[in-house]
Structure formats: C-alpha cells, structure tokens
Amino acid sequence: NLDRAVLSLLAETARAEVFLPGELLVEVDEEADCAFVIIEGRVGVLVPGVDEPIHHMGPGDSVGEYGMFGGVRIATVRAEERTRALAIEYRSLKACLLQHPDAMYDLLATTVARLRATSEQLAAANAR
C-alpha cells in the first residue's frame, strides 16, 4: 500500500521474481533478508500449527517486512497461483522508509492491522 513515488524508488533496487503455484516465497524460521511486493498473483500466509492459510494477499500487498525487525521469518508464504513479486533487500527498504516518513507510517499501520486481524483469526480458531 505504498504510494507510487516510493514504489518507483524501491523498484530501482528490487529484483523481479516469479513463483509458480505451491512454491514458497519465504519459509518460517529461515533467515530474512528481503521483503516482497506482490505485483501479480495470489499468495497464502501459513503459520505453524494451522493447516490452512490464515491470510491471502495479492497485487500491491507487501510480505516479509516483519523479518526486518527480527532476523527470521515468522510465517511461510506460498504462491497459490503464478505470482510475480519484487524482492526488496532490507537495507534498501530501510533507506527508502527513512527518506519517506509517510511511507514508514503507512507500512506500520498496515503491519498493525495485519497483527490485529491475525490475532482475531487465531483466537477464533482456538475457540472452536
């Protein structure tokens, strides 16, 4: 959900990647070095102990940014269909966010919203 100017800046250092259905963009507990912005396609977010994806993401969504703050992946992200994504190294993402505080705020707001939604989903699943 970053604005076009920020995405254009990030695209200068990003690398394009394609994932086929079933391929992993990231895997839980692996070392994290980049985030992804989904350009086309759909991915599912899987967490340990839950068989089905807890969240689905598509064009314009970012995944993998949590690792910038903890070093390892907290979830597995799997392509559900052919997916094109831009991989953005954390050092480039951090530099861009420091230059564009509004983008940093937007990313933080998105992250908090996802954490709230995930907490609610997990609470509902545990209540069953």
Which value, in debye to the nearest 20, gives the size of the charge dipole of the stretch 27-106 about its Cα centre, when Lys and Arg are +1 and Asp and Glu are -1 at the Cβ? 200 debye
The chain: calculated mean residue ellipticity at 222 nm from DSSP helix runs of at least 4, using -39500 (n - 2.57): -12000 deg cm²/dmol
Please list the radius of gyration and Dmax for the stretch 1-58, considering alpha-carbon atoms only, with Å as the unit. 13.2, 39
Is the C-alpha gyration tensor of the stretch 15-89 telling us rounded, prolate or oblate? Criteria: a/c under 1.5 is rounded; beyond that, a/b larger than b/c is prolate, otherwise oblate. oblate
Tell me, rounded to the nearest percent, the portion of alpha carbon pairs in the chain spaced more than 19 Å apart. 48 percent
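Using only the Cα atoms of the stretch 45-94, build the gyration tensor, take square roots of its eigenvalues as a ≥ b ≥ c, and label the shape rounded, prolate or oblate: rounded if a/c is under 1.5, else prolate if a/b is larger than b/c, else oblate. Don't skip to the end; give the middle numbers.
Values: a/c = 2.66, a/b = 1.25, b/c = 2.13.
Oblate shape, in that a/c is at least 1.5 and b/c is the bigger or equal ratio.
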Rounded to the nearest 10 degrees, the helix 90-99 long axis (Cα) sits at an angle to the longest Cα principal axis of the chain of 60 degrees
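If a/c stays under 1.5 just call it rounded; otherwise compare a/b with b/c (prolate if a/b is bigger, oblate if not). Do that for the stretch 70-128, with a ≥ b ≥ c from the square roots of the Cα gyration tensor eigenvalues. Provide the component values of the computation, followed by the final result.
Numbers: a/c = 2.40, a/b = 1.48, b/c = 1.62.
Oblate is the answer for the stretch 70-128, as a/c is 1.5 or above yet b/c matches or exceeds a/b.
Only the coordinates and a few stated rules stand behind these numbers; no lab work does. All values reported here derive from a predicted model rather than from experimental measurement. Heads up, the Cβs are rebuilt from the backbone with ideal geometry, glycines too, and the neighbour counts pull from every protein chain shown.
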